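Chemist: Below is the structure I would like to discuss, written out as structure tokens.
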Amino acid sequence: MAIIGCLGLTPNQVFFEVSAETLRTLDNFQWSGSARYGVHQRHAGNALTEFAGLDPDQIAFDVTFSAQLGTDPMTEIWRLWRFLRNGTTLPLTVGTHGYGRYRWTITGLSVKAKYFDRNGEIYHAVASLKLQEYLRD
């Protein structure tokens, strides 16, 4: 088994892993940031641009959960919903790199259920997450 990263702290974390029995990997990983600038109009002269600070970084990615590939999609999906609804701050690690300056919060979660089993349970789903950097003072 190769654990390639995780979101959260033990015991309630979501592992990103690949093995012969389990597949729970990231896809479409995007990391973005932006800066704020103020523009001050000056009488009879050029406007003055001033750096006003940084906005929190954003990360977005998809995670696939499939019963056929060793995960219980509903367990994983409910765990993510709890993180979102409780405002849980989460560290994010992929490979040997910890992302961000402290932690992240899930600001958006969308689940696309692709297949259901004969009992109507989600068998295969893709969760799309949007994270925002959460800094300490």
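The values are calculated or read from the model by the stated rules, or taken from the named source; none is laboratory data. Keep in mind it's a predicted model, so treat the numbers as computed, not measured. Cβ: placed from backbone, ideal geometry, glycine included. Neighbour counts: every protein chain shown. Heads up: the accessible areas ignore ligands, DNA and RNA and are worked out on the full protein's heavy atoms, side chains in. Shrake-Rupley method; radii C 1.70, N 1.55, O 1.52, S 1.80 Å.
Chemist: Count charges around Gly53 for me, please; just the other residues with Cβ under 15 Å from its Cβ, Lys/Arg as +1, Asp/Glu as -1. Intermediate values should be presented prior to the final figure.
Modeler: Numbers: positive: Arg36, Arg101; negative: Glu50, Asp55, Asp57, Glu133, Asp137.
Net charge in that neighbourhood comes out at -3.
Chemist: Right, something else. Could the peptides 94-100, 49-55 be put in order, highest first, of the mean number of other beta-carbon atoms found within 10 Å of their residues? Display every interim value, and only then the final one.
Modeler: Working: 94-100: 12.6, 49-55: 10.3.
Top of the packing list down: 94-100, 49-55.
Chemist: Under 5 Å between amide H atoms, partner at least 5 residues away or on a different chain: which partners does Gly5 have, H built in plane at 1.01 Å?
Modeler: Answer set, sorted by chain and number: Phe16, Gly95.
Chemist: If you don't mind, another one. Select from region 8-70 those trypsin sites (Lys or Arg not before Pro) which occupy a DSSP coil region and have at most 14 other Cβ atoms within 10 Å, ordered by residue number.
Modeler: Details: sites: Arg24, Arg36, Arg42; in loops: Arg42.
Filter output for region 8-70: Arg42.
Chemist: Less than 13 Å Cβ to Cβ from Gly5, Lys/Arg counted +1 and Asp/Glu -1: what total charge do the surrounding residues give? If you can, show how the numbers build up before the last one.
Modeler: Details: positive: Arg24; negative: Glu17, Asp27.
In short, -1.
Chemist: Tally up the carbon and sulfur contribution to the accessible surface of the chain as a whole percent, 1.4 Å probe, everything protein left in place. Present the calculation step by step, with values, prior to reporting the outcome.
Modeler: Numbers: 4300 of 8660 Å².
Of the solvent-accessible surface of the chain, carbon and sulfur hold 50 percent.
Chemist: I'd like the Karplus ³J(HN,Hα) series for region 131-136: coefficients 6.51, -1.76, 1.60, θ = phi - 60°, whole numbers in Hz, and an x wherever there's a Gly or Pro.
Modeler: Couplings: 10, 10, 4, 10, 9, 7 Hz.
Chemist: Give the label of the value calculated from the structure for Rg and Dmax of the Cα atoms in Å, choosing from [x] 18.4, 67; [y] 15.3, 57; [z] 19.3, 74.
Modeler: It is the one labelled [z].
Chemist: Then there is this: What does the net charge come to around Thr105 if you take all other residues with beta carbon closer than 12 Å to its beta carbon, with K and R at +1 and D and E at -1? It would help to have the intermediate numbers written out before the result.
Modeler: Numbers: positive: Arg85, Arg103, Lys130; negative: Asp57, Glu133.
In short, +1.
Chemist: Next question, about the same structure. Amide H of Asp55 versus every other amide H placed in the peptide plane: which residues, excluding those fewer than 5 positions away on the same chain, fall under 5 Å?
Modeler: Amide H neighbours of Asp55: Ser34, Ala35, Arg36.
Chemist: With angles folded into 0 to 90 degrees, how steeply does helix 73-86 sit against the dominant principal axis of the chain? Use alpha carbons for both and round to 10.
Modeler: 30
Chemist: With every protein chain left in place, what is the accessible area per residue of the chain in square angstrom, probe 1.4 Å? Write down the numbers at each step before the final one.
Modeler: Details: 8660 Å² over 137 residues.
Dividing the accessible area of the chain by its residue count gives 63 Å².
Chemist: Any chance you could check the Cα centroid distance between region 1-35 and region 58-137 for me, in angstrom?
Modeler: So the two Cα centres are separated by 9 Å.
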